[in-house]
């Protein structure tokens, strides 16, 4: 019977000099892809929650608190409508609040929605041509956030 040697401690320099097998490199690449998708989905979800809260706060500011009568109001709530905005490079559907003038003559814009519905440069292509590589490095622990 052949003896198996015990675990060996190697330095990070020694470990980086030994190439990983192709199967492991492929698996790590898939893991990075899944992590990227998960982080992006989480960011979009949190972003949608923040935007929704901002829109509702704006409606409260213009119309007043829901359920509280105000004789001198200049606007009123008018339900919600489907809309979309770009977050994380993806077009996502949102439910946006609507407001109308108190006399019901015209719809009032929700400035928060108007601001966020337009694509931003970061949504149009990331943070430059190497943004994906930087994210990969951060996920693998070789980069620092904010760089």
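The values are calculated or read from the model by the stated rules, or taken from the named source; none is laboratory data. A quick note: this is a predicted structure, and the numbers were derived from the prediction, not measured. Please note: Cβ atoms are built from the backbone with ideal geometry, for glycine as well, and neighbour counts cover all protein chains shown.
Counting only residues that are assigned to a helix (DSSP H, G or I) and either exposed (fewer than 10 other Cβ atoms within 10 Å of the Cβ) or in contact with a helix residue (DSSP H, G or I) (Cβ under 6 Å, 6 or more places away or on another chain) (or both), which one in the range 17-28 is modelled with the lowest pLDDT?
Among those residues, the one meeting the criterion is 17.
So residue 58 fits all but one of (1) touching a helix residue (DSSP H, G or I) at 6+ places or on another chain (Cβ under 7 Å); (2) modelled with pLDDT of 85 or more; (3) farther than 15 Å from residue 96 by Cβ; what number is the exception?
Just one mismatch for residue 58, condition (3).
Report the residue count in the range 30-55 for those that are over 30 Å from residue 101 (Cα atoms) and surrounded by 14 or more Cβ atoms within 10 Å (Cβ to Cβ).
Taking the range 30-55 and keeping what is over 30 Å from residue 101 (Cα atoms), we get 30-46.
Within this subset, residues satisfying the condition of being surrounded by 14 or more Cβ atoms within 10 Å (Cβ to Cβ) are 32, 35-36, 39-40, 44.
Residues in the range 30-55 being over 30 Å from residue 101 (Cα atoms) and surrounded by 14 or more Cβ atoms within 10 Å (Cβ to Cβ): 6 in total.
Provide a single number: the residues in the range 102-120 that are surrounded by fewer than 16 Cβ atoms within 10 Å (Cβ to Cβ) and either touching a residue at least 60 places away in the same chain (Cβ under 8 Å) or part of a loop (DSSP other than H, G, I, E, B) (or both).
Qualifying residue count, the range 102-120: 9.
Residue by residue, here is whether (1) on the phi > 0 side of the Ramachandran plot; (2) in a helix (DSSP H, G or I); (3) touching a residue at least 12 places away in the same chain (Cβ under 8 Å) holds:
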| site | (1), (2), (3) |
| --- | --- |
| 30 | no, yes, no |
| 33 | no, yes, no |
| 43 | no, yes, yes |
| 56 | no, yes, yes |
| 62 | no, yes, yes |
| 71 | no, no, no |
| 91 | no, no, no |
| 100 | no, no, yes |
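Of the numbered conditions (1) under 26 Å from the mean Cα position of the chain (by Cα); (2) at pLDDT 90 or above; (3) surrounded by 11 or more Cβ atoms within 10 Å (Cβ to Cβ), residue 82 satisfies every one except a single condition; which is it?
Looking at each condition in turn, residue 82 falls short on (3).
Take the range 49-75 and flag every residue that is closer than 16 Å to residue 104 by Cα and out of contact with any strand residue (DSSP E or B) (no Cβ under 6 Å at 6 or more places or on another chain).
Result: 70, 71, 72, 73, 74.
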